[in-house]
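Below is one structure, written out as structure tokens; comments come after it.
The values are calculated or read from the model by the stated rules, or taken from the named source; none is laboratory data. Here the structure is a predicted model, which means the values were calculated and not measured. In this analysis, Cβ positions are derived from the backbone assuming ideal geometry, glycine residues included, and neighbour counts consider all displayed protein chains. Surface accessibility is based on the protein's heavy atoms, side chains included, excluding ligands, DNA and RNA. Shrake-Rupley method; radii C 1.70, N 1.55, O 1.52, S 1.80 Å.
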Amino acid sequence: MKTKKDGLPVYQSIKTEMREWIQTGIWKPGSLIPGEAMLAKQFGCARVTVNRALRELAEEGKLDRRRKAGTRVITPEGRSVNFEIPRIRLEIEETGATYRYALLLREVVVPPADVLSKLEIPPEVLTLHLRCLHYSNEAPFQLEERWINLQSIPEAELEKFEKISPNEWLVKHVPWTDAEHILSANNADTEKAELLALAERDALFLIQRRTWRKEKLVTYVRLYYPGRFYQMRTNL
């Protein structure tokens, strides 16, 4: 299998795909991954290319490489290894529904005061503000309102987000180390009711999430779901 190049060096594309396998659990924490020769055959590239991708993932703390013992996925410390940032596309497709994504707004701005405080940045720092809708069988399923800290992730400004959602792009390209979630109930105002095909004051489920890459706060997002579509189940 050859990886998509997307205009990047081949090793970088391979590293991105491997990182996604780690983050989505295809390569599970503590597991021994295939050898370089097998991976080179799988990706259709030179072994030295795979070696560089694995070496950089090890330097990022994703892999533990030991001579003669092979390469294993590092088990994260300080949080449940079962928790991953969910990808809305997979969340919808796993129900058997058809997924569609639409970008509504993309702008580079100084965010409002309440968002500045969430991002913990001074007013002169620009952010990438994105608003998009995720559809399940053509019904609005989630409204995503996101700010990306361009001081932490300057490469995000180069992405148009016309074909890939910010949720998907961040999971693929930006390794995270810490996350904070706030869950609450809400009521739809006029704008959100129109976007989510609801009546004004209908119930909404709101998830607010902040994610960090080490000490750098990467993004703050508000995810709005129609109340009838969302439920939470916890197994302890």
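Figure legend. Inter-residue proximity from the range 169-181: first residues over 11 Å from E20 (Cβ atoms), second residues crowded, with 16+ Cβ neighbours inside 10 Å and hydroxyl-bearing (S, T, Y), beta-carbon distance below 6 Å, spacing 6+ or different chains. Indicated pairs: W176/T211; A179/T211. Taking every residue in the range 21-48 that is without any contact (Cβ under 8 Å) to a residue 24 or more places away in the chain and pairing it with any residue that is of a type in the set (F, W, Y) and open to solvent by 30 Å² or more (accessible area, probe 1.4 Å), at least 6 positions away or on another chain, the pairs with Cβ-Cβ distances below 9 Å are V48/Y11.
Give, as residue ranges, the strands (runs of 3 or more DSSP E) completely inside the range 15-132 that count at least 3 residues that are over 30 Å from I207 (Cβ atoms). Reasoning before the result, please.
On the way: elements: 63-66, 70-73, 99-109.
In the range 15-132, the matching strands (runs of 3 or more DSSP E) lie at 63-66, 70-73.
Of all the residues in the range 148-158, those that are crowded, with 18+ Cβ neighbours inside 10 Å, of a type outside the set (S, T, N, Q) and not in a helix (DSSP H, G or I) number 2.
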